[in-house]
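Notes follow once the structure below has been shown.
The values are calculated or read from the model by the stated rules, or taken from the named source; none is laboratory data. All values reported here derive from a predicted model rather than from experimental measurement. Heads up, the Cβs are rebuilt from the backbone with ideal geometry, glycines too, and the neighbour counts pull from every protein chain shown. For the accessible areas, the whole protein counts, side chains as well, though only heavy atoms, and no ligand, DNA or RNA atoms are used. Shrake-Rupley method; radii C 1.70, N 1.55, O 1.52, S 1.80 Å.
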Amino acid sequence: MTNPDGAGDVKTAVDEVMHVVNMVLEHHIAPPTGQQMVVDVIRHVYQKAQLQMPPDMPQLISRRSLEQVPDFLNDTLEEVARRSSQPFQPLVRESLTDMVSNLPGGARITAVRKHTVNEQIASNRYVGTGIALRMSSTDHRPTITHVVPRGPMELAGGEKGDLIIEVNGISTKGKMLSEVVEMIRGPDGSEITFVVHQPDQPPRTLTFQRGVINFPSLSKPELLQLPGPKLIGYMKIKRISAALVHELRQAEKTLLEQDVDGIVLDFRMVHGADLHQSLLLANALLDGGEIGQVRSRSGSRGYQAEREALFAKLPIAIIVDRHTSGTAEWVAAALQDHKRALIVGAKTAGHGYGDSTFPIPDTDRMLTISTSELLRADGISLVGTGKPTNILTLVRRTPDGRRQKVLPRNGKRIPYPPGPIVPNKRIEEESTADIKTKAAEILLKEFKKTKPTAD
């Protein structure tokens, strides 16, 4: 069947694919070949178009130089466009997204607007109304599922469960959720009017101004009462952001006033990406010493922590799991290496990469890829290989980027192999009703034996 999209759409698709391929080759810390990436895109295109890819396609591309690949890709995509009944542009864009997700460290392509929103949230500069939405299955209109405390919507009288009937006089009936979200967005200080109602209640009109929404990076401190009696302060880190250290300082004052005996920080489900913000966090929790190293394509660099750590006189436990990744792993590894904290929970993700984001030329999209490798202070990588490590053949990266064999120390095993962080004490989450209490119990038990010392 002939696809209605023209040759211009094919050329646009080829240009976008090759822009992404070249950006990966230029910036990624461990890129595959350009030909491999193009083959992967084509494979996904054929699968999504429900067509059979020629079996010799990988060989045909591998024989060509990267300069020759765009013409071959153009011919291939033109054939797919002619034979497929599916919209062509989304087909290629989805295939390109699938390709980058398979890169070492994973990668993602996002719309510029979404990337901007993510950056605003990370830096506590997001402007909006302070609500989360979903589509009602019965009324087919957006329903408020969450209202941010002290946000513009809550202050105007909006409530969880409100059905949104109109936004600025425009009915939401029949509109997609993404369309309603676009209707709601606007600059700081701009006015917006909602017509909402709760089930079986009359409509209400709410008029207010959009404003900056504060998304806390840290949960409110909790006090865990243990036998003794002992008090342990518990906090869940929601994201590593520019505001996190400030929030930790405020929490420190609160917990010290309660005369707590230790601190549990929950790093589960935390993916760190911003190196600078993660450095601030590590610097705030360590009492001096080397945080770790970052290896980029230009070489390796070590980072040092300053003295005067938060919670300096208290033992700390950090809960991790298989979703703890990126620079969150790097911070946890630094605290483990310096014996500043006891790591408990489950093995981490082994996603020891630092990310960078670049605009894709001639598009409204951004590419986020792994541009650095995160190393412990002694040069051991946090990137998981997925294979058992032979302790006799470990290598490390020297400050100038060279590979250097690491031998066992005094005939003993190296404490921390490459890849995911192995907890000092494992907690099987599925068999633990309250993992934070279990972590607090382990913390007190271990620090009765030996108190950690900062370097």
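Key figures for this structure:
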| quantity | calculated |
| --- | --- |
| From Leu73, Leu103, Leu96, residue being in contact with a strand residue (DSSP E or B) (Cβ under 8 Å, 6 or more places away or on another chain) and part of a helix (DSSP H, G or I) | Leu96 |
| Options Val17, Val24, Val10: the member that is over 15 Å from Ile360 (Cβ atoms), in contact (Cβ under 8 Å) with a residue 40 or more places away in the chain and open to solvent by less than 50 Å² (accessible area, probe 1.4 Å) | Val10 |
| Pairs, first under 21 Å from Pro420 (Cβ atoms) and among the charged types (D, E, K, R) in the stretch 343-370, second in a loop (DSSP other than H, G, I, E, B) and open to solvent by less than 40 Å² (accessible area, probe 1.4 Å), C-beta under 8 Å, six or more apart | Lys347/Pro420; Lys347/Ile421; Lys347/Pro423; Asp355/Gly105; Asp355/Ala273 |
| Top-ranked residue of the stretch 298-310 - restricted to ones that are farther than 22 Å from Phe447 by Cα and in contact with a helix residue (DSSP H, G or I) (Cβ under 7 Å, 6 or more places away or on another chain), ranked as most open to solvent (accessible area, probe 1.4 Å) | Glu306 |
| Candidate set: the stretch 277-297, residues that are touching a residue at least 40 places away in the same chain (Cβ under 8 Å) and of a type in the set (Gly, Ala, Ser); chosen: the one surrounded by the most Cβ atoms within 10 Å (Cβ to Cβ) | Gly292 |
| Residue under evaluation Ala81, criteria (1) touching a His at 6+ places or on another chain (Cβ under 7 Å); (2) in a helix (DSSP H, G or I); (3) of a type in the set (A, V, I, L, M); (4) at pLDDT below 95, criterion not met | (1) |
| Residue match in the stretch 81-91 (condition: on the phi < 0 side of the Ramachandran plot, of a type in the set (D, E, K, R) and either over 33 Å from the mean Cα position of the chain (by Cα) or open to solvent by less than 10 Å² (accessible area, probe 1.4 Å) (or both)) | yes |
| Which numbered condition Val331 fails, given (1) modelled with pLDDT of 95 or more; (2) over 21 Å from the mean Cα position of the chain (by Cα); (3) among the hydrophobic types (A, V, I, L, M, F, W, C) | (2) |
| Answer from Asp266, Asp274, Asp261 - the residue that is surrounded by fewer than 23 Cβ atoms within 10 Å (Cβ to Cβ), charged (D, E, K, R) and closer than 30 Å to Asp434 by Cβ | Asp261 |
| Single match in Arg301, Arg307 (criterion: basic (Lys, Arg) and either part of a helix (DSSP H, G or I) or modelled with pLDDT under 90 (or both)) | Arg307 |
| Elements of type strands (runs of 3 or more DSSP E) contained in the stretch 311-370, each with 1 or more residues being hydrophobic (A, V, I, L, M, F, W, C) and open to solvent by 10 Å² or more (accessible area, probe 1.4 Å) | 342-345, 353-359 |
| Residue, modelled with the highest pLDDT, within the stretch 229-244, restricted to residues that are open to solvent by 10 Å² or more (accessible area, probe 1.4 Å) and closer than 11 Å to Phe267 by Cα | Lys236 |
| Filter result (modelled with pLDDT of 80 or more and touching a Gly at 6+ places or on another chain (Cβ under 9 Å)) within the stretch 96-139 | Val100, Gly105, Gly128, Thr129, Gly130, Ile131 |
| Those residues of the stretch 177-220 which are free of Cβ contacts under 8 Å to residues at least 24 places away in the same chain, part of a loop (DSSP other than H, G, I, E, B) and more than 30 Å from Val245 (Cβ to Cβ), in sequence order | Ser190, Asp200, Gln201, Pro202 |
| Tally of residues being out of contact with any strand residue (DSSP E or B) (no Cβ under 6 Å at 6 or more places or on another chain) and not acidic (Asp, Glu) across the stretch 316-334 | 5 |
| Selected residue (criterion: least open to solvent (accessible area, probe 1.4 Å)) from residues of the stretch 140-183 that are closer than 21 Å to Thr116 by Cα and in contact with a Ser or Thr (Cβ under 6 Å, 6 or more places away or on another chain) | Val180 |
